[in-house]
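Participant: Before I ask anything, let me first share the structure, which is written out below as structure tokens.
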Amino acid sequence: MVTIKENLESLFADDPHVFVAGDLLWYPVEGNNTIRQAPDAMVAFGRPKGDRGSYQQWREDTIPPQVVFKILSPGNRLAETARKYKFYNQYGVEEYYVYDPDDHELIGWLRSDSYLDIIENMSGWVSPRLQIRFEVTADTLEIYRPNGERFLSFTELMQSRDRERQRADQERQRVDQERQRADQERQRADRLADRLREMGIDPDGVQSVTPVRE
């Protein structure tokens, strides 16, 4: 769940109009807080980023999350999946994906006309909305970005973010050093100008001469 949600956030980090959340309650009907679901991960296109206590659809230009994910747990199996399918089918989800990490099985549904229709073959499937590709093997599920890069594990994501922070820190240090050098040059020029004035020379009237090499 964390891997999918964090990679989706990274994938759409530069798009201010794609909202990604994990385990966030979604209320599709105003005035009825008993109608709700909390997808393990969801993506809403056309909605701004930002923290929310819940996803209240009537406050989101009535836009439902278009893509939702569910990761099965031992206590959350077929009956629960069927109940959630009914909810997502009714309230406008376009793509619904369920992954069973015990059996390494991925099931997907895609909206066709007015209902969610089963996707016959998920291995190699490319999400129409997300443009990510799913590869199902006997041992695991691999997901690939549109550019072909594999979704990183949580540990790999943290390491990547640490490297990005280190690069950002190094760049800030470089900028600070350049600023310090520039300040030192200005101070040196100011001291030289003061000495010239003490000698009765107008520093603004002094032309710099570039030495000519013989």
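Participant: Looking only at the range 97-117, count how many residues are buried (at least 16 other Cβ atoms within 10 Å of the Cβ) and in contact with a Ser or Thr (Cβ under 7 Å, 6 or more places away or on another chain).
Facilitator: Qualifying residue count, the range 97-117: 1.
Participant: Every residue in the range 78-96 that is surrounded by 11 or more Cβ atoms within 10 Å (Cβ to Cβ) and either among the β-branched types (Val, Ile, Thr) or over 26 Å from ASN33 (Cβ atoms) (or both), please.
Facilitator: THR81, VAL93
Participant: Could you identify the single residue in ASP176, ASP204 that is assigned to a helix (DSSP H, G or I) and at pLDDT 80 or above?
Facilitator: None of the other options fit; the residue is ASP176.
Participant: Which residues, counting only those in the range 67-96, are basic (Lys, Arg) and either touching a residue at least 40 places away in the same chain (Cβ under 8 Å) or not in a helix (DSSP H, G or I) (or both)?
Facilitator: LYS70, ARG77, LYS84
Participant: Okay, next question. In the list LEU196, LEU157, which residue meets the criterion of being modelled with pLDDT under 85, more than 37 Å from the chain's Cα centre (by Cα) and open to solvent by less than 90 Å² (accessible area, probe 1.4 Å)?
Facilitator: Exactly one residue qualifies, and that residue is LEU196.
Participant: Can you name the number of the only condition in (1) open to solvent by 50 Å² or more (accessible area, probe 1.4 Å); (2) in contact (Cβ under 8 Å) with a residue 24 or more places away in the chain that ASP61 fails?
Facilitator: (2)
Participant: Further question on the same structure: Is one or more of the residues making up the range 32-53 among the basic types (Lys, Arg), open to solvent by 60 Å² or more (accessible area, probe 1.4 Å), closer than 24 Å to ARG145 by Cα and assigned to a loop (DSSP other than H, G, I, E, B)?
Facilitator: yes
Participant: Given the residues LEU24, LEU8, which is the only one that is surrounded by 13 or more Cβ atoms within 10 Å (Cβ to Cβ), within 20 Å of the chain's Cα centre (by Cα) and outside any loop (DSSP other than H, G, I, E, B)?
Facilitator: LEU8
Participant: Given (1) touching a strand residue (DSSP E or B) at 6+ places or on another chain (Cβ under 7 Å); (2) part of a helix (DSSP H, G or I); (3) modelled with pLDDT of 95 or more, identify the lone condition not met by TRP58.
Facilitator: Result: TRP58 fails condition (1) only.
Participant: Which residues, taken from the range 132-149, are out of contact with any helix residue (DSSP H, G or I) (no Cβ under 9 Å at 6 or more places or on another chain) and open to solvent by 60 Å² or more (accessible area, probe 1.4 Å)?
Facilitator: ARG133, THR137, ALA138, ASP139, ASN147, GLU149
The values are calculated or read from the model by the stated rules, or taken from the named source; none is laboratory data. Just so it is clear, the structure is predicted and the values come from calculations on it, not from any experiment. Cβ coordinates were reconstructed from backbone atoms using ideal geometry, including for glycine residues, and neighbour counts include every protein chain displayed. These accessible areas exclude ligands, DNA and RNA; they are computed on the full protein's heavy atoms, side chains included. Shrake-Rupley method; radii C 1.70, N 1.55, O 1.52, S 1.80 Å.
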